[in-house]
1. Under the classification rounded if a/c is under 1.5, otherwise prolate if a/b is larger than b/c and oblate if not, where does the chain fall, given a ≥ b ≥ c as square roots of the Cα gyration tensor eigenvalues?
2. Report the FRET efficiency, 1/(1 + (r/R0)^6), for ARG97 and ASN134, where r is their Cβ-Cβ distance and R0 is 30 Å, rounded to 0.05.
3. For labels at MET84 and ASP38 in the simple 7 Å Cα→Cβ model, what's the distance in nm?
4. If the only charges are +1 at each Lys and Arg Cβ and -1 at each Asp and Glu Cβ, what is the size of the charge dipole of the range 8-61 around the Cα centre, to the nearest 20 debye?
Amino acid sequence: MTRIQYSVTDMANKHGRSREALLPILQDIYQAKHVISDEDMVNVARELDISAAHVYGTATFYSFLETQQSGKYIIRLCKTITCMMHGKNPVLQELERILKIKPGQTTPDGLFTLKETNCLGQCHKGPAMLVNDNPHTQLTPESVREIIDSYRREALSY
């Protein structure tokens, strides 16, 4: 995965220095690095003249921003009642079994991070998950095995 160069000052010049610029700046940092570090949050706070606690609160509130190093593939499994009614629990159990991790953990090889998240907007096709930005719907334990295998093959081809 290619990382783009970034500067918090350049991002503030692009988005402005108001409170409304905070989320776009954090999104740009995440796009550039795939993680928002404590140092990044302090730099944003200084640049926007707001508290580091406010920046941290915003960065940790949104499930699509990461403040901890994650795997190459971030699996976000929908945990809404609708997806649960469509069979999310057996899918989660299969993901835990084949990845040998629990939600919030990353595989030892650094390939996968497993997370449960609120609605992905795919409840009509649940259970659903995103792997990075790629949606997968109408999941079954069998289909998640195939999906994980395809990402493992993709990782080996790099």
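1. Note, shape of the chain comes out prolate.
2. So the FRET efficiency works out to roughly 0.90.
3. Placing both labels 7 Å beyond Cα along the Cβ direction yields 3.5 nm.
4. The calculated dipole for the range 8-61 is roughly 100 debye.
Values quoted throughout were computed directly from the atomic coordinates according to the rules given, and no laboratory measurement underlies them. All of these numbers come straight from a predicted model, not from anything done at the bench. Reconstructed Cβ throughout: ideal geometry from the backbone, glycine too, with neighbour counts over all protein chains shown.
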